[in-house]
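Colleague: Below you will find the structure I want to go over with you.
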Amino acid sequence: MSCAEILKSELSRVNLVADFADLIDVMTSDKYSEFQYIVNGETWQVVKK
């Protein structure tokens, strides 16, 4: 079992921001290498690359 699997199993017990799952996805997936917030006025958009 990897550290990522252990962390994912604990996430449901913690109050997290809405986009935290996207961040975990970037850290554990080979298809992404970047997690960014793009700010447009008052709107913050998550971009995964």
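Colleague: Suppose the filter is surrounded by 10 or more Cβ atoms within 10 Å (Cβ to Cβ), modelled with pLDDT of 90 or more and aliphatic (A, V, I, L, M); does LEU7 pass it? Don't jump to the end; show me each part of the working.
Modeller: Details: surrounded by 10 or more Cβ atoms within 10 Å (Cβ to Cβ): yes; modelled with pLDDT of 90 or more: no; aliphatic (A, V, I, L, M): yes.
Answer is no for this residue.
Colleague: Answer with yes or no whether TYR32 is outside any helix (DSSP H, G or I) and in contact (Cβ under 8 Å) with a residue 12 or more places away in the chain.
Modeller: Details: outside any helix (DSSP H, G or I): yes; in contact (Cβ under 8 Å) with a residue 12 or more places away in the chain: yes.
Yes; evaluated as a whole, the condition is true for this residue.
Colleague: Next up: What number of residues in region 10-29 are open to solvent by less than 100 Å² (accessible area, probe 1.4 Å) and assigned to a loop (DSSP other than H, G, I, E, B)? Full working, then the answer.
Modeller: Applying the first criterion (open to solvent by less than 100 Å² (accessible area, probe 1.4 Å)) to region 10-29 yields 10-11, 14, 16-17, 19-26, 28-29.
So of that shortlist, the ones also assigned to a loop (DSSP other than H, G, I, E, B) come out as 14, 16-17, 19, 29.
Qualifying residue count for the region: 5.
The values are calculated or read from the model by the stated rules, or taken from the named source; none is laboratory data. Owing to the predicted nature of the structure, the values given are computational and were not obtained by experimental measurement. Glycine gets a Cβ as well: all are built from the backbone with ideal geometry, and neighbour counts include every protein chain shown. Side chains included, ligands, DNA and RNA excluded: accessible areas come from the protein's heavy atoms. Shrake-Rupley method; radii C 1.70, N 1.55, O 1.52, S 1.80 Å.
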